[in-house]
Structures are given as structure tokens and as C-alpha cells.
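Read through the structure below, which is laid out as C-alpha cells, and then see the notes.
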Amino acid sequence: MAYLDPMNCNLTHMFVQLFRDALNQYTYAAEIAGLKYELSNTKYGLILGVSGFNDKQNIFLDKIMDKLTNFKVDPKRFEIYKENYIRSLKNFAAEQPYHHAVYYLAVLLTEHSWTKQELLAATDQLTVDRLEAFIPQILSKMHIECLLHGNINKEKALDLVEIVENRLTESINMSPLLPRQLLLNRELKLENGCNYLYEVQNNVHRSSCIELYYQCGLQSTVNNMMLELFAQIVNEPCFNILRTKEQLGYIVFSGIRRSNGVQGLRVIVQSEKHPRYVDERIEMFLLDMLHYIADMPDEEFTKHKEALAVQRLEKPKQLSHQSSIYWSEITSQQYHFDRANVEVAFLRTITKNDIIEFYKNLLAENA
């Protein structure tokens, strides 16, 4: 519902922005008392988060749900936020080229994605009446998943979930989504050996940006750690060679792109040099990485594995960080809550030959 078409996407965005605006005064007082909330929208609906002192969270949550299910649109605030939203869509053209590269790759690879232009075109029909009719619609058909994490027991956790469900069923008469309505978006599968080029003209900035993406298949324990270890090994050489030595540009990045259960290696360079030349240098760099890894001493390879293991097993310094890790497992529908321990155990079994074969099969020029 929230991402059914560009209009629904715009309506969901406006609902969230206006609701947050309307609650500013109330939530400011709550924040002083040690309670915070956040409401955001995604392709799949709404995410409501509440944090702070647990003894008053039930009252705070109930108040937010009451206001959410009985929300009325302020026409004057609607026009202000609509104007701001249209401006932000138009201003996207002036953002840095590397933002554009990341955005367009997502649009091209994701099964279901609305462009900025499509969202902008739909704002002509964005009205108060449409939004007021839309709000009970989006709240009346829902699938609810909750994460309760921290200083709370099972009984109190279920009480908080009940507050959410009761407010939605009593005020909106909510009914659950069908199982087939809960499917995640899919990612476009790139065939072995394929090469695709997508070019966009930028009339604002002197520099250009190129993003090379090498799709490496579905996420799994084996694939995840092979890709993460390879990315760990090439990260420093990528920066040293492409930015420091060859001086292609100030923005040089290599890392992993994960979306809809699919992952791959990405290299991003923003440069005033022609993208075709930058592309050649990136591909030459990755070609050299085969020899770089093959010639790497075993001690250095082991250090890379241990560095990645330490990073993956590091305990979050804040409760919110650990919560976000758990929540990511829920929103991705993978529910692998012991992922770090399982994946690091496999990581420590990886050999240099394994990484070389991984490179040859998925990242080499003829892969």
C-alpha cells in the first residue's frame, strides 16, 4: 500500500512528515522526561520506534498510537510540507554525482522502484482530501512485527504489542495482510559475463562519478564471508592506488552493496577525469588484485581474517546499535540473530585459494 504507486509513496511520505510535525510539542516534553520516538516510512509501510525509560513507555506508546489512529491533517501545514517535498525532489539534480550513481544503480536493479521524476509528476494530484482518505486505508491493512529489546520481560513486551494492536483494531478496524502480500522486492539477476552501461547527463557539477558493481549472488554464510573478506583485503589498496597514487578523485570507495537478499562488490570513484578512463583504471586495479592476493604472505592473509573477525564480533557500544542489528534481520526476513558468530566461525576456515577461486568465479573479467 505504501509503495503501490508514486501517489501512494508521496501520500505515505506526507503522512509521516505531518504526523511528526504535529507531535513536536508533545514529544519535546516526553524527550525531557527521557522518552523518544521515531516514525519513518519505507517501501513496505511504516516503522515506529520508541526508546527511553521503560517504566513510562506503555503510556507514551499508547498516546502516540492514539494520535496516529486519530490523526487529522492541518491544511496549512500540508501546503508547507508539500512545497518542501517538491523542492527536495527537484533539488536532487544538484546533489553530488556519487549520490546519483548510488541512486540510479538501485533504481536499475530493484524490481519495484519509483524515480524522483515519477514522484515529482504525481505531486500535482497531492491534496489534503486525498491524504485524509489515504491514512485510514494504509492503517487498515497491516502486518505487524515488533522488536522489544532491553530492560523488559516477556509479559511487559506482550503488553506493549497489545497496545499497538488494540489501537489499530479499535480505531481503524485493521485486518492482517495476506501471506503473499508480505513478499520482499526482488533484485534483477545479472547474467554471467554480462556488461551493462547506464549513463546520465549531469549539468550541475564539473566532476562525474562512476560506480562499478559486480553482482555476487544471494546472501548466505559462505557468500557473505567470501565477499566480506575480499572487500576487506582490497579496501586499502583501492584507496591507495586509485586515490593517492593515480589521483583519480577525492571520493574513492570500495565495499559491499546488499539489497533484497542479493549482494555484490561496488567501487565508486568521483572524478573530473572522463568516466571511461576511470572505468579502465578501476578494472585494471581489480585485475591486479588477483596477483596481489596470490602473492600475499600467509601471515598477512591471516591478519585480514582476524581483523574482519574482530570487527564482526565487536560488541555494540550502545543498545540502539544492537537493536538495529536485530531489526535488520527482521526487515530482511532472514531472522539470523546469531549471524556474527556463525559467519565468523566459517570465516576462520577460508583459505587464500578459496578467495582466489571466489575472485575467478565472480569478479574476474571473464567471470
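The values are calculated or read from the model by the stated rules, or taken from the named source; none is laboratory data. Just so it is clear, the model here is predicted, and its values are computed rather than measured. Here Cβ is always computed from backbone atoms with ideal geometry, including for glycine, and neighbour counts include all displayed protein chains.
Got a number for residues in the stretch 257-275 being closer than 29 Å to Met226 by Cβ and among the hydroxyl-bearing types (Ser, Thr, Tyr)? Total meeting the criteria: 1. Out of Glu365, Glu300, one residue alone is over 30 Å from Leu48 (Cα atoms) and without any contact (Cβ under 8 Å) to a residue 12 or more places away in the chain. It is Glu300. When Ile233 is tested against the conditions (1) among the hydrophobic types (A, V, I, L, M, F, W, C); (2) out of contact with any Phe, Trp or Tyr (no Cβ under 6 Å at 6 or more places or on another chain); (3) assigned to a helix (DSSP H, G or I); (4) over 21 Å from Arg312 (Cα atoms), the lone failure is (4).
Filtering Met296, Met225 for residues that are in a loop (DSSP other than H, G, I, E, B) and within 30 Å of Thr349 (Cα to Cα) leaves a single hit, Met296.
So that you can scan it fast, the table gives a plain yes or no per residue for (1) more than 26 Å from Leu158 (Cβ to Cβ); (2) in contact (Cβ under 8 Å) with a residue 40 or more places away in the chain; (3) among the β-branched types (Val, Ile, Thr):
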position: Ser51; (1), (2), (3): no, yes, no
position: Lys56; (1), (2), (3): no, no, no
position: Glu95; (1), (2), (3): yes, no, no
position: Ala106; (1), (2), (3): yes, yes, no
position: Gln117; (1), (2), (3): yes, no, no
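Residues considered: Leu308, Leu290, Leu286. Of these, the only one that is within 18 Å of Gly217 (Cβ to Cβ) and part of a helix (DSSP H, G or I) is Leu286. Of all the residues in the stretch 236-285, those that are touching a Phe, Trp or Tyr at 6+ places or on another chain (Cβ under 9 Å) and among the small types (Gly, Ala, Ser) number 3. Each residue in the stretch 267-282 was checked for being over 16 Å from Lys245 (Cβ atoms) and loosely packed, with under 13 Cβ neighbours inside 10 Å, and 3 of them qualify. Lys90 - would you say it is within 26 Å of Val262 (Cα to Cα) and in contact with a Lys or Arg (Cβ under 9 Å, 6 or more places away or on another chain)? No: the conditions fail for Lys90. Going through (1) touching a Ser or Thr at 6+ places or on another chain (Cβ under 8 Å); (2) surrounded by 13 or more Cβ atoms within 10 Å (Cβ to Cβ) one by one, Asn70 falls short only on (2).
Glu299 - would you say it is surrounded by fewer than 12 Cβ atoms within 10 Å (Cβ to Cβ) and more than 18 Å from Cys216 (Cα to Cα)?
Working: surrounded by fewer than 12 Cβ atoms within 10 Å (Cβ to Cβ): yes; more than 18 Å from Cys216 (Cα to Cα): yes.
Here the answer is yes, as Glu299 does meet what is asked.
Counting only helices (runs of 4 or more DSSP H) that sit wholly inside the stretch 8-107, those with at least 2 residues that are more than 25 Å from Thr123 (Cβ to Cβ), at pLDDT below 95 and assigned by TED's automatic domain parsing to the domain that holds Thr123 are 24-32, 57-69.
Here Gln333 meets the list (1) in a helix (DSSP H, G or I); (2) under 15 Å from the mean Cα position of the chain (by Cα) almost entirely, failing just condition (1). Checking each residue in the stretch 307-354 for being surrounded by 13 or more Cβ atoms within 10 Å (Cβ to Cβ), acidic (Asp, Glu) and without any contact (Cβ under 8 Å) to a residue 12 or more places away in the chain picks out only Glu329.
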